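The values are calculated or read from the model by the stated rules, or taken from the named source; none is laboratory data. Everything numeric in this text was worked out from a predicted model, so none of it was measured. Cβ sites come from the backbone with ideal geometry, for glycine too, and all protein chains shown count toward neighbours. In case anyone asks, the SASA skips ligands and DNA or RNA and just uses the protein heavy atoms, side chains included. Shrake-Rupley method; radii C 1.70, N 1.55, O 1.52, S 1.80 Å.
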Amino acid sequence: MSTITLAIHGGAGTILKEDMTSELERAYLTGLQNALDAGYAVLSKGGSAVNAVKAATVALEDNILFNAGRGSVFTKKGLQEMDAAIMEGSFLDAGAVAGVRNVRNPIELAMEVMQHSNHVFLSGKGANDFAIRQGIKLEPDEYFFSQFRYDQWKLVRDSDNYLLDHTRQEMEDLMRNRKFGTVGAVACDSNGNIAAATSTGGMTNKKYGRIGDSPLIGCGTYANNKTCAISCTGHGEPFIRAVAAYDVSCLMEYKGLNLQDAMDIVVNDKLVKLEGEGGMIGVDAKGNAALLFNSAGMYRGFKNSNGYSEVAIYK
Ligand code: ASP
């Protein structure tokens with residue numbers, strides 16, 4: 001029997017203690033703990049890794065503090081367009097959606113794609129049509145609204161390149177708030193099956209239907225029982241160019257590295273060279289876990305059947 005393990009993240013970035021009130025910090029830690037408990041409850045009852053990562057991700061999507069589901073960031077047009085992916089490591093089954101709107105839990109739609117379509121990846125209106133056909137829960141725009149995300153967007157919405165058009169003070173505030181609030185989970189169940197899930201609103205002020213790494217299998221999300229399950233968070237473009245999640249798997253499969261060492265190379269060397277700020281969480285089929293990031297902080301949590309349980313934010 002494998003060690004039962006669940007790890008979660010709620011995004012990485014310039015998350016500094018001095019920018020945080022104790023109230024907000026407590027709210028984040030409580031949100032992480034609730035998601036960790038929701039996912040771990042599935043595993044401790046003998047449930048599958050894929051159902052555990054879905055349950056943990058749903059809890060984070062429902063929490064307005066995180067940039068996924070409710071509380072997603074705004075696009076250039078002032079809309080919320082969400083991406084999500086889920087993958088399980090025994091058969092390499094996967095499902096993903098991009099640019100979906102009004103879907104309460106995009107990770108449930110990704111799971112639906114995995115289990116009840118002949119496809120892996122659906123986008124935009126087609127994905128929404130599939131959601132309606134499958135009876136996936138929808139919500140009005142107001143449900144997803146967060147004042148904090150709206151204020152963030154207001155700072156940049158009038159420019160294509162906020163770097164040029166904003167005052168120094170605004171710019172500094174903005175950079176200090178460079179938090180990537182994507183959520184994700186990875187798990188190893190008692191049968192040694194592993195799975196990964198990632199869900200996001202993407203990046204504030206994104207346009208032209210921009211899609212990040214999160215829903216791309218092998219980039220932001222990947223799972224293979226032979227190697228690892230990975231969920232990433234950070235500046236999506238470098239993670240795509242690095243094929244980050246699959247690269248960890250390759251380093252394990254072809255070079256024989258362990259999970260921690262493989263993740264360390266990708267997060268602290270390869271991504272850094274591409275200016276890819278962020279992090280990732282991973283598990284292997286023995287239940288080992290690693291949570292690594294090259295940014296100031298990453299909202300994260302980890303719990304296993306050896307009695308270890310922790311939620312944390314800063315380095
Ligand atoms: N990786 C996500 C994206 O680029 C953002 C994040 O992790 O917060 O869409």
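Numbers at a glance
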{"item": "Close pairs from region 195-221: first within 11 Å of T57 (Cβ to Cβ) and among the charged types (D, E, K, R), partner open to solvent by 10 Å² or more (accessible area, probe 1.4 Å) and within 12 Å of the ligand (Cβ to nearest atom), Cβ under 7 Å, at least 6 apart", "result": "none"}
{"item": "Qualifying residue in region 231-247 (condition: over 16 Å from the mean Cα position of the chain (by Cα), buried (at least 24 other Cβ atoms within 10 Å of the Cβ) and within 16 Å of the ligand (Cβ to nearest atom))", "result": "no"}
{"item": "Matching entry among G69, G89, G78, G99 (being within 27 Å of Q147 (Cα to Cα) and more than 15 Å from the ligand (Cβ to nearest atom))", "result": "G78"}
{"item": "Checklist (1) over 25 Å from K54 (Cα atoms); (2) open to solvent by less than 20 Å² (accessible area, probe 1.4 Å) applied to D269, failing item", "result": "(2)"}
{"item": "Residue among E170, E142 that is at pLDDT 95 or above, farther than 30 Å from A49 by Cα and either open to solvent by 60 Å² or more (accessible area, probe 1.4 Å) or touching a strand residue (DSSP E or B) at 6+ places or on another chain (Cβ under 8 Å) (or both)", "result": "E142"}
{"item": "Any hit, region 47-54, residues being in a loop (DSSP other than H, G, I, E, B) and in contact (Cβ under 8 Å) with a residue 60 or more places away in the chain", "result": "yes"}
{"item": "Residue match in region 213-227 (condition: open to solvent by 50 Å² or more (accessible area, probe 1.4 Å) and within 20 Å of E88 (Cα to Cα))", "result": "yes"}
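Conditions tested, residue by residue: (1) at pLDDT 95 or above; (2) in a helix (DSSP H, G or I); (3) at positive phi; (4) surrounded by 14 or more Cβ atoms within 10 Å (Cβ to Cβ).
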{"residue": "G69", "(1), (2), (3), (4)": "yes, no, yes, yes"}
{"residue": "T75", "(1), (2), (3), (4)": "no, no, no, yes"}
{"residue": "A84", "(1), (2), (3), (4)": "yes, no, no, yes"}
{"residue": "M87", "(1), (2), (3), (4)": "yes, no, no, yes"}
{"residue": "A96", "(1), (2), (3), (4)": "yes, no, no, yes"}
{"residue": "A110", "(1), (2), (3), (4)": "yes, yes, no, yes"}
{"residue": "M114", "(1), (2), (3), (4)": "yes, yes, no, yes"}
{"residue": "A127", "(1), (2), (3), (4)": "yes, yes, no, yes"}
{"residue": "S159", "(1), (2), (3), (4)": "no, no, no, no"}
